[in-house]
Amino acid sequence: MLDTAFFSNELLPALNKGLLVSLALIIPAGSLGFVGGVLLGCARSFGPRWMRRLGDGFTAVVRGVPLVVQLMMIYYALPKLGIYFPPYGAALTSFTLCTAAYQSEYVRGALLSIRQGQIRAAEALGFSTWQTVAWIVVPQAARRALPGCGNEIIYLIKYSSLAYLVTCMELMGEGKVVASDTFRFTEVFITVGAYYLGMVTLATFFLRWLEKRFHVPGFGAR
């Protein structure tokens, strides 16, 4: 029999509180990560050699080291160097850097898919390299990168559940506290899973709407 008092008085208030923290992580990390990914992807594709090498090295490190290790390094190791982050700041920084690294791969692939003839034509018209990238290449590449970048946002929603490991009490952290206090693990984590499923479903519909909104027949995302 469903214990409605447990859900209404204990579980749902705690999870709603954690949901707000999760959204406060996901939205800025997704936005900043996307912008960082575009800039990083452009630097890796069209920047000078030193910039490409630096971007490739950053991406290799972030993609190669597990996210949970990055979280621990930012929150627990950096204070040894005199750099301190609060729990929320550590989680937001880690998620933003991770998202930017993965987004840059989607963006770089989309940038390199643009025909070189268009770039040469822009240069012949007097455009500088970065004007060509900003006004000719990126608007086209964005449409092609959108499905992959959207997929990374879905991943971000799910790996935001790691923030509780650095005591940032988001949705998963609040659920874990309730489960530990009440020993009602089944009800708690099924409900937590339903929250994440709901966020992913809403994000999926929104991303599909974006793809249709920016779709050009015969080009880019469908």
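The values are calculated or read from the model by the stated rules, or taken from the named source; none is laboratory data. Values in this document were obtained by computation on a predicted structure and should not be read as measured data. Because the Cβ atoms are built from the backbone with ideal geometry, glycine has one as well, and the counts that use them run over all protein chains shown. These area figures cover heavy atoms from the full protein model, side chains too; ligands, DNA and RNA do not enter into them. Shrake-Rupley method; radii C 1.70, N 1.55, O 1.52, S 1.80 Å.
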Fill in: Candidate set: the stretch 63-122, residues that are polar (S, T, N, Q) and open to solvent by 40 Å² or more (accessible area, probe 1.4 Å); chosen: the one nearest to S161 (Cα to Cα)
T93
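Which residues, taken from the stretch 165-179, are outside any loop (DSSP other than H, G, I, E, B), of a type outside the set (V, I, T) and open to solvent by less than 60 Å² (accessible area, probe 1.4 Å)? Walk me through how you get there before you give the answer.
Going residue by residue through the stretch 165-179, those that are outside any loop (DSSP other than H, G, I, E, B) are 165-166, 171-179.
Add one more test, that the residue is of a type outside the set (V, I, T), and what stays is 165, 171-176, 179.
Residues satisfying the conditions are L165, L171, M172, G173, E174, G175, A179.
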Worksheet item: Would you pick out the residues in the stretch 41-67 that are under 21 Å from the mean Cα position of the chain (by Cα), farther than 18 Å from A91 by Cα and either among the charged types (D, E, K, R) or not in a helix (DSSP H, G or I) (or both)?
Response: R44, D56
Worksheet item: Restricting attention to the stretch 123-137, which residues are part of a helix (DSSP H, G or I), open to solvent by 40 Å² or more (accessible area, probe 1.4 Å) and of a type in the set (A, V, I, L, M)?
Response: A124, A134, I136
Worksheet item: Which condition breaks for V38 when tested against (1) over 15 Å from the mean Cα position of the chain (by Cα); (2) under 20 Å from T132 (Cβ atoms); (3) surrounded by 12 or more Cβ atoms within 10 Å (Cβ to Cβ)?
Response: (1)
Item to complete: Consider Q70 carefully, then state whether it is out of contact with any helix residue (DSSP H, G or I) (no Cβ under 9 Å at 6 or more places or on another chain), among the polar types (S, T, N, Q) and closer than 28 Å to L146 by Cα.
Response: no
